[in-house]
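Asks: Quick one: the structure is below, and I'll ask about it shortly.
The values are calculated or read from the model by the stated rules, or taken from the named source; none is laboratory data. Owing to the predicted nature of the structure, the values given are computational and were not obtained by experimental measurement. No Cβ is skipped: glycine too gets one built from the backbone with ideal geometry, and neighbour counts run over all protein chains shown.
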Amino acid sequence: MKKIIFVCLGNICRSPLAEGIAREIAQKNNLNIKVDSAGTGDYHIGDAPCPNSIKVAKLNNIDISNLKSRQVNNNDFKEFDLIIALDEKNRIDLLRMGAINVKKLGEFGRNGECVPDPYFFNGFEGFEVVFEMIRECTENLLIEII
Ligand code: 4NP
């Protein structure tokens with residue numbers, strides 16, 4: 001079974017969306033994969049995803065409201081086959097922390113683009129943009145690895 005973990009900074013906006021989207025695609029297509037998410041930072045450990053991420057997921061029939069933020073750790077680097085960073089800083093931080101099998105989500109269909117952090121955008125629109133980017137790249141990623 002392939003194991004994939006999505007990693008952003010806070011694990012409350014982008015990577016929980018990627019986790020929810022990947023799990024939804026896997027369920028619909030009977031893919032035998034394990035999906036998780038985490039943050040490089042410790043700012044939000046134990047917190048639920050941010051309200052706008054919960055909202056944009058719900059509008060797309062995905063429930064991420066029960067997820068809880070956690071920080072990525074050395075055990076993840078051993079356990080997961082693929083570590084997917086949401087942006088370039090996440091990728092570099094992960095490499096510094098000792099992860100080896102790191103790729104950027106934007107490599108799967110967006111020319112390596114970073115998924116911007118919607119936490120620092122104004123309003124809901126940024127979350128819709130980010131949702132679509134994550135959905136498209138996550139779909140491509142799952143097609144590629146299965
Ligand atoms: P995320 O967004 O990395 O997409 O979860 C962030 C949320 C909160 C913070 C940083 C990024 N923060 O510094 O509190």
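Asks: Determine whether SER37 is under 9 Å from the mean Cα position of the chain (by Cα) and either without any contact (Cβ under 8 Å) to a residue 40 or more places away in the chain or over 20 Å from VAL102 (Cα atoms) (or both).
Replies: Yes, satisfied.
Asks: GLY41 versus (1) small (Gly, Ala, Ser); (2) within 10 Å of the ligand (Cβ to nearest atom); (3) part of a helix (DSSP H, G or I): which is the lone unmet condition?
Replies: (3)
Asks: Mind listing just one residue for me: the one in the stretch 44-68 that is among the polar types (S, T, N, Q) and within 16 Å of ASP117 (Cα to Cα) and, of those, nearest to the ligand (Cβ to nearest atom)?
Replies: SER53
Asks: Any residue in the stretch 135-146 that's basic (Lys, Arg): show its pairings with residues that are outside any helix (DSSP H, G or I) at Cβ separation under 8 Å, as long as the two are six or more apart or on different chains.
Replies: Close Cβ pairs satisfying both conditions: ARG135/ASN60.
Asks: Next question, about the same structure. If LYS103 satisfies every condition in (1) surrounded by fewer than 17 Cβ atoms within 10 Å (Cβ to Cβ); (2) within 13 Å of the chain's Cα centre (by Cα); (3) more than 27 Å from MET1 (Cα to Cα) but one, which is the exception?
Replies: (3)
Asks: Could you say whether any residue in the stretch 10-24 is near the ligand (Cβ under 10 Å from one of its atoms), of a type in the set (D, E, K, R) and at pLDDT 95 or above?
Replies: For the stretch 10-24, residues near the ligand (Cβ under 10 Å from one of its atoms), of a type in the set (D, E, K, R) and at pLDDT 95 or above: present.
Asks: Have a look at VAL72, VAL115 and point out the one that is under 17 Å from CYS13 (Cβ atoms) and touching a Lys or Arg at 6+ places or on another chain (Cβ under 6 Å).
Replies: That would be VAL115, the only listed residue that is under 17 Å from CYS13 (Cβ atoms) and touching a Lys or Arg at 6+ places or on another chain (Cβ under 6 Å).
Asks: Still on this structure: Criterion first (within 15 Å of the chain's Cα centre (by Cα), of a type outside the set (Phe, Trp, Tyr) and surrounded by fewer than 23 Cβ atoms within 10 Å (Cβ to Cβ)) does GLU79 satisfy it?
Replies: no
Asks: Let me ask another. Give the residue that is farthest from PRO16 (Cα to Cα), with candidates limited to residues of the stretch 81-101 that are part of a loop (DSSP other than H, G, I, E, B) and within 14 Å of the ligand (Cβ to nearest atom).
Replies: Going through the qualifying residues, I end up with ASP87.
Asks: Another question, then. From the list GLY126, GLY112, pick out the single residue that is over 20 Å from LYS3 (Cβ atoms), assigned to a loop (DSSP other than H, G, I, E, B) and either under 13 Å from the mean Cα position of the chain (by Cα) or not hydroxyl-bearing (Ser, Thr, Tyr) (or both).
Replies: Within the list GLY126, GLY112, the selection yields GLY112.
Asks: Write out, first by first residue and then by second, each pair whose Cβ atoms fall under 6 Å of each other, whose residues are 6+ apart or on separate chains, and whose first residue, in the stretch 109-126, is farther than 16 Å from CYS137 by Cβ while the second is within 16 Å of the ligand (Cβ to nearest atom).
Replies: Within 6 Å, the pairs are TYR119/CYS13; PHE124/ASN52; GLY126/PRO118.
Asks: For the stretch 44-56, state whether one or more residues are more than 12 Å from the chain's Cα centre (by Cα), basic (Lys, Arg), modelled with pLDDT of 95 or more and closer than 12 Å to LEU17 by Cα.
Replies: yes
Asks: Let me ask something else about it. Is it the case that some residue within the stretch 8-15 is assigned to a helix (DSSP H, G or I) and either under 9 Å from the mean Cα position of the chain (by Cα) or within 21 Å of GLU136 (Cβ to Cβ) (or both)?
Replies: Yes, some residue in the stretch 8-15 is assigned to a helix (DSSP H, G or I) and either under 9 Å from the mean Cα position of the chain (by Cα) or within 21 Å of GLU136 (Cβ to Cβ) (or both).
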